[in-house]
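Chemist: One structure follows; several queries about it will come next.
Quick note: the coordinates plus some simple rules give every number you see, no bench work behind them. Since the structure is predicted, the reported quantities are computational estimates derived from the model, not experimental observations. When we count neighbours, we look across all protein chains shown, and the Cβ atoms used for this are built from the backbone with ideal geometry, even at glycine.
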Amino acid sequence: MNRLETWFCATTFWSNVTRDRLLPRMLDGTELGTRVLELGAGSGTATAELLRRFPSVTSLEYRATPARKTAEAQFEGRAARMVRADAAQLPFADGSFTCAIAILMLHHLRSPELQDSAFAEIRRVLRPGGILLAFEIRDGWLQRLIHTCSTFVPVSASTANARLIAAGFARVSVDFMAGAFLLRAQRAAD
């Protein structure tokens, strides 16, 4: 992530939007179980809210500095388990989680192949019936400008269904929003 992204994701504005609008839209109305994997936790914007809603949260972050900040996020004395690792090579046992949540993370993987590896890994660490929720921005000139000197490999909403099914997911849906979309997918039975 570049400095602009790092700054924006740590603002009170983004924290409020994530807590008050984005997470409720992502989480409400879906049974997600009790063991949540947060992918690309960044500065921990969503972590405290996830801790408020779920008894067990494991937050994964690739970069060291945001991982340290995320480790400080708490709710009522509980902290997320912080793991520094790569989403395309998850260090967890098969079936460890009931839900995986990725907010603005997938486009930071350096290639579609790494994204597909992440989809397969997420499927592997989810229990049968587990849910993947991913919020992503659409491709466009403004998003490319914002991501100058940063990795930006947009996930196409039009190919997401086929890619997630190939990774072992079912019941894939895409919910479009202004300039963004929400992916929902359920781990298919073995």
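Chemist: Which order results if SER173, SER59, SER15 are arranged by neighbouring Cβ count within 10 Å, fewest first? Intermediate values should be presented prior to the final figure.
Modeler: Values: SER173 12, SER59 28, SER15 17.
Result, fewest neighbours first: SER173, SER15, SER59.
Chemist: Right, something else. Can you quote the Å³ per residue value for the convex hull of the Cα atoms in the stretch 3-187, rounded to an integer? List each step's numbers first, then the result.
Modeler: On the way: hull volume 20.1 nm³, N = 185.
It is 109 Å³ per residue.
Chemist: So the label point goes 7 Å from the Cα of ALA10 along Cα→C-beta, right? Which residues of the stretch 30-57 then have their backbone N under 14 Å from it?
Modeler: Answer for the stretch 30-57: 42-45.
Chemist: Under 12 Å from the 7 Å Cα→Cβ point of ARG21, by amide nitrogen: which residues of the stretch 147-185?
Modeler: Backbone N within reach: 177-180.
Chemist: To the nearest Å, what is the center-to-center distance of the stretch 115-190 and the stretch 89-106, using C-alpha atoms only?
Modeler: Measuring centre to centre over Cα atoms gives 12 Å.
Chemist: Divide by every residue of the chain the summed helix terms, -39500 (n - 2.57) for each DSSP H run of at least 4, and state the resulting mean residue ellipticity at 222 nm, rounded to the nearest 500 deg cm²/dmol.
Modeler: For the chain, the value works out to -8500 deg cm²/dmol.
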